[in-house]
1. Based solely on its DSSP helices, what 222 nm [θ] is calculated for chain A when runs of n ≥ 4 H residues each add -39,500 (n - 2.57) and the sum is averaged over all residues, nearest 500 deg cm²/dmol?
2. If you average the alpha carbon positions of the range B:102-137 and of the range B:1-62, how far apart do those two centres end up, in angstrom?
3. Provide the net charge surrounding A:V301, with neighbours chosen by a C-beta distance below 11 Å and charges set as Lys +1, Arg +1, Asp -1, Glu -1.
4. Does any residue of the range A:86-104 lose at least 50 Å² of accessible area with all protein chains in place compared with its chain alone, and if so which ones (probe 1.4 Å)?
5. What whole-number volume per residue, in cubic angstrom, does the convex hull of the C-alpha atoms of the range A:32-214 give?
6. Need one number: buried accessible surface between chains A and B, 1.4 Å probe, both sides summed, DNA, RNA and ligands left out, in Å² to 100.
7. Using only the alpha carbons of chain A, what is the convex hull's orientation-averaged projected area in square nanometres?
8. Calculate, for the range A:228-357, the solvent-accessible area per residue in square angstrom, rolling a 1.4 angstrom probe over the heavy atoms of the protein chains.
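The values are calculated or read from the model by the stated rules, or taken from the named source; none is laboratory data. Quantities reported herein were computed from a predicted structural model and do not represent experimental measurements. Note that we place each Cβ from the backbone using ideal geometry, even for glycine, and neighbour counts take in every protein chain shown. Ligands, DNA and RNA are excluded from the accessible area calculation, which covers all protein heavy atoms including side chains. Shrake-Rupley method; radii C 1.70, N 1.55, O 1.52, S 1.80 Å.
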Amino acid sequence: MVQALERSTPERSTPERTAPGWTAGDAESERAPQRSLVESIHDTLRDEMRADERIVVLGEDVGRRGGVFRVTAGLFEEFGEARVLDTPLAESGIIGTAIGMALNGLRPVAEIQFLDFIHPAMDQLMNEAARIRYRSNNDFSCPLVVRVPFGGGVHGALYHSQSIEAVFVHTPGLKVVAPATPADAKGLLRAAIRDEDPVLFLEHKKLYRSIKGPVPEGPHDVPLGLARVVQEGTDATVVAYGAMTHEATKAAATVAAETGASIEVVDLRSLKPLDEETVVASARKTGKVLVVAEANRPCSVASEVAALIAEEAFAYLDAPVMRVAAPDVPATPYSPPLEHAFMIDAEKIAAALRRLVAY
Amino acid sequence: MASSVSGTRLDNATALGWYRQIVMIRLFEEAAQRAFRQGKIGGYLHVYSGQEAVATGFLDAFRDGDKMLTAYRDHAHALILSDDPNAVMAELFGRGTGLVKGKGGSMHLFDAAHGMLGGYGIVGGHIPLGVGIAYALRYQQTDGIVHVYLGDGAIHNAAFHEAANLAGLWGREGLNPTLFILENNQYGMGTSVERATAMTDLGAKFDSYGIEHEKVDGMDLEAVLECAHRVTQRVRETGKPYAVEAMTYRLVPHGAGDFLERYRSKDEVRQWRERDPIGLVERKLLEAGVVDEQRLGEIRDEAKRIVDEAVRFADESPEPPLSELHTDVYADTAG
């Protein structure tokens, strides 16, 4: 599946959009070693720590245990307890002290075990990390990365399934990325660590071990704020991110086979800053757009993308912009049939896409 | 910075520097209150009158390379560290010449160049930041320490407890030179300590996290100075956190909307006024024969001139350009 996803489109002409990583072609990718998402993040973090002593990792069980999902396995042994800090269960303390470290010259990479657990740290992220540059006259920046598993579909129910990324997208001063492939995980993590502003790095927990893909060796950077055109098309566009990128790609294949329509799939990768240029260009080209988010629908990233298209591509549209997103209910239910009904998958996306193509 | 007087006693002529400072802070706050009533300062205004000895004393022990964070009652801390009353007042006025170009205002002063990493309007929110900065200072093998000021209201906040626990934990390895200065002015806004917790010995809350602590009379500058120099040296040398509960009192309302003060009696305020930190300093200086009333008056006049100039500067300063709205959001929008 990921093999197909890696067919990124290289035709980018403006200089800033031919940044390293963007133009990595198929041939190069296919020669690259295959890695799972979790392996890619682990290896990248380890390599970054080897190269930069300012990087410290902190979070619950990131040290001796190697992380709840084993993303940080082996780092404690290699780098020691001054650089890999097992913290108590105190999310506000983790993020708050990480902000302090960032303010004083370190490059902390904090882990929150599940995005559902980040709520106690909201004050620190939204009130302190996001605002420190603005309020300090640019004297201080907060080069902090917060790595967080998110997303559902793993029977995690109430507190191990959430996708609340829109809250952070709504917070000026933060950046938010959600890689869908192991290669993008590497490129975006490197960019996030090097960024001078706080970045929320969202790792879809269902993708950790369910996908493998080629990961370029050596320096491979994916600039924050650039979407990836997964496949080009001319009749309709599906915009997605995270695990939904894969579901959208499957749905596009299904509907294309049924109808003969040429469907473009755009993986946002970076939710903030949003690659408005790529999204708008695709909308203008195909005239029909479906936006997919795993999160609850109201005020979601899908809503923002839909609004953007309405403002910037209205005259090019041949159909109303459609959204497929989770229902407006307080939790991903535990019961498998209920969870299935809650989650967005290729089937639901395909159903919407058929209506859009036929509009 | 306050003064470079050696020693901490109020029995010599160099101690007059502290007197000028403490008086200037009081006059600055009174000028700010007047400007607020005149509509020149908007929003919210929380002044420090009554608590001057705490910041004056502790920041006397502040060194280059140290860092300081406090809550929203932050004018004094900024005045002492920045030594720039004009820029502080201009910030209160929201002018482009303010410490933060008018983006912050009263509760959100910031002066990175002088180690002031902010006044914070979310009670308790700054405490974890201070603990993280302290970790970084030791990780970088410097001998800097972090002053984290907090009020009696903040100690019940979860952020305090999470951060204090980490400070104690990391301090065990000498990796957390945080000096917690708990300014207990007896009221979290209008709620007294007794009405906020069943365990009113606030300093003892640090016991839970393995952080040693003591109390100091926060109205007595001489006592604060002695304590401050001793404990900052201790924190610097050990890399372990330490806490001081400074018993103090806000002699003025919490904020501009608090003129009725229904939560405390006039008698109580009157009793604390007898221990006004400025009056205590004056008495000690006079008793020690360091100065006479006339010299004290001259110093007060000097302080008044500084404050008058700050008000004039703020009043005549331009508003920030509207382009400032969009600067300093991200690194690539730095202004």
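1. On the way: 13 runs with 125 residues, N = 359.
Taking each H run of at least 4 residues, the total per residue is -10000 deg cm²/dmol.
2. Result: 19 Å between the Cα centres.
3. Local net charge: 0.
4. When all protein chains are present, A:P88, A:T97, A:N104 each give up 50 Å² or more of accessible surface.
5. Cα convex hull per residue, to the nearest whole number: 103 Å³.
6. Rounded to the nearest hundred, the buried surface is 3300 Å².
7. Seen from a random direction, the Cα hull of chain A projects 17.2 nm² on average.
8. Heavy-atom SASA per residue in the range A:228-357 reads 39 Å².
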